[in-house]
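This structure is in structure tokens; I'll ask about it shortly.
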Amino acid sequence: MVRGWPRACALGIASALTLGIAPVSLAETTPDPDDIPPQAPPEPYLRGCEGCTHGLALDGSLAGGATRVVHESRWSGFAGIGFTALYNDRWFELGAEGRFETELFGSNFMTLAGLVGGKSEPEPWLRLELLAAVGAEAASSIGSGLFRNSSGGGATQPYLGGKASVAFLLGRSRRFLLGWWLNGGDALGETVVHPLVQTCFLGCDQSQQTYTIGGPSWSTGIRIGGVASLW
């Protein structure tokens, strides 16, 4: 029985070939490249919805600068924070800003203004803006300083200025905004105030002093926020 096993296998293979049963090759299981459907191209970078022209930008800022709003202080440095909200339609922009700035141991300044101007995007990730600002600027704590406190030293005046920005639109959908603001303006007119100033250094004394309010200021700083498409 053992001697007949090889002969039986040979007869079985010959019978299979006679019946037309052929071994399967690897080449027959490999798909033809022409039969593979093409892959869809990657989605483009869209900011919200395709074809939208109306948008909104919101940002906060940290800045430093100098002011001569208080004439008797000449030019003095300050640090500040601010916010900006802007609606845009293609190149046109309309919005508002608020800034709070303070001198070290000195006066405080708050500006609220409406903004109007334009923007340009030479690249999908780059935004350039130039805006005019019209509003009001309030000065307070006039006459304060190191070892000095003042009361009754404040004034509010019309404000006229402008802003310029270079910003980068980051992320896959270009919704994150990182950039830089440059602000400049003038508190129009002059107002004379007479605060009561208390000076305390090895003793305290009080005196009424005179200050003239009104003049230019500028600031620059980082801008962080986001943008959204509306319709």
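May I ask you to say which residue of ALA187, ALA228 is over 19 Å from THR111 (Cα atoms), among the small types (Gly, Ala, Ser) and in contact (Cβ under 8 Å) with a residue 60 or more places away in the chain?
ALA228
For (1) within 24 Å of SER76 (Cα to Cα); (2) of a type in the set (Ser, Thr, Tyr); (3) modelled with pLDDT of 95 or more, each residue gets a yes or a no:
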residue	(1), (2), (3)
PRO124	no, no, no
ALA138	yes, no, yes
LEU146	yes, no, no
GLY152	yes, no, no
PRO158	yes, no, yes
GLY161	yes, no, yes
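Now, a different point. Yes or no: ARG3 in contact with a strand residue (DSSP E or B) (Cβ under 6 Å, 6 or more places away or on another chain) and modelled with pLDDT under 65?
no
Specify the residue that is surrounded by the fewest Cβ atoms within 10 Å (Cβ to Cβ); the eligible residues are those in the range 172-189 that are charged (D, E, K, R) and either farther than 29 Å from ALA138 by Cβ or touching a helix residue (DSSP H, G or I) at 6+ places or on another chain (Cβ under 8 Å) (or both).
If we take residues in the range 172-189 being charged (D, E, K, R) and either farther than 29 Å from ALA138 by Cβ or touching a helix residue (DSSP H, G or I) at 6+ places or on another chain (Cβ under 8 Å) (or both), then ARG172 is surrounded by the fewest Cβ atoms within 10 Å (Cβ to Cβ).
Oh, and also: Would you confirm whether any residue within the range 63-81 is more than 15 Å from GLY184 (Cα to Cα), at pLDDT below 95, crowded, with 21+ Cβ neighbours inside 10 Å and of a type in the set (S, T, N, Q)?
no
In addition: Would you pick out the residues in the range 199-231 that are within 30 Å of LEU170 (Cβ to Cβ), surrounded by fewer than 16 Cβ atoms within 10 Å (Cβ to Cβ) and either acidic (Asp, Glu) or at pLDDT below 95 (or both)?
ALA228, LEU230, TRP231
For the range 70-112, name all the residues that are within 14 Å of GLY214 (Cα to Cα) and either within 18 Å of the chain's Cα centre (by Cα) or outside any strand (DSSP E or B) (or both).
HIS71, GLU72, SER73, ARG74, TRP75, SER107
The values are calculated or read from the model by the stated rules, or taken from the named source; none is laboratory data. Just so we're clear, the structure is a prediction, and the values are computed from it rather than from any experiment. Neighbour counts are summed over all protein chains in view; Cβ atoms, including those assigned to glycine, are modelled from backbone coordinates with ideal geometry.
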